[in-house]
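A.B. asks: Take this structure first; my questions come after.
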Amino acid sequence: MGNQPHFRGVVRHTTRPGWWRVKIKHAGKFYSFGVYRDPERAAKMYDALAKQIFGDKAVFNFDGSSPPDVLLVDIWTMLRKKGLR
């Protein structure tokens, strides 16, 4: 597949070329958490969400710290809308 970046929880958007979707599987169900132009930004969002959903058992793309460009308030809002918090 060429130069595709490989990040946990990040997949190509099926209908928008050049965009990436954040997906997390929890309790046997897949949840989508937005689309991003940059796969690295999507991976950072995945890490921040995984930290909140899975806690100490989360597996991260990066060092496990929340990236500065992801607001915790936005993460909590996303999780509440999905019924995960």
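The values are calculated or read from the model by the stated rules, or taken from the named source; none is laboratory data. Computed from a predicted model, the values in this text were never measured in an experiment. Neighbour counts are summed over all protein chains in view; Cβ atoms, including those assigned to glycine, are modelled from backbone coordinates with ideal geometry.
A.B. asks: Determine which single condition GLY34 fails, assuming it passes every other condition in (1) within 16 Å of ASP74 (Cα to Cα); (2) in a loop (DSSP other than H, G, I, E, B).
C.D. replies: (2)
A.B. asks: I've got another one for you. Please identify the pairs in which a residue from the range 1-21 that is within 9 Å of PRO39 (Cα to Cα) has its Cβ atom under 6 Å from the Cβ atom of a residue that is assigned to a loop (DSSP other than H, G, I, E, B) and at pLDDT 90 or above, counting only partners at least 6 apart or on another chain.
C.D. replies: Listed by first residue and then by second, the contacts come to PHE7/ASN61; TRP19/HIS13; ARG21/HIS13.
A.B. asks: Looking at ILE53, is it modelled with pLDDT under 90, buried (at least 16 other Cβ atoms within 10 Å of the Cβ) and among the hydrophobic types (A, V, I, L, M, F, W, C)?
C.D. replies: Details: modelled with pLDDT under 90: yes; buried (at least 16 other Cβ atoms within 10 Å of the Cβ): yes; among the hydrophobic types (A, V, I, L, M, F, W, C): yes.
Spelling it out, ILE53 is indeed modelled with pLDDT under 90, buried (at least 16 other Cβ atoms within 10 Å of the Cβ) and among the hydrophobic types (A, V, I, L, M, F, W, C).
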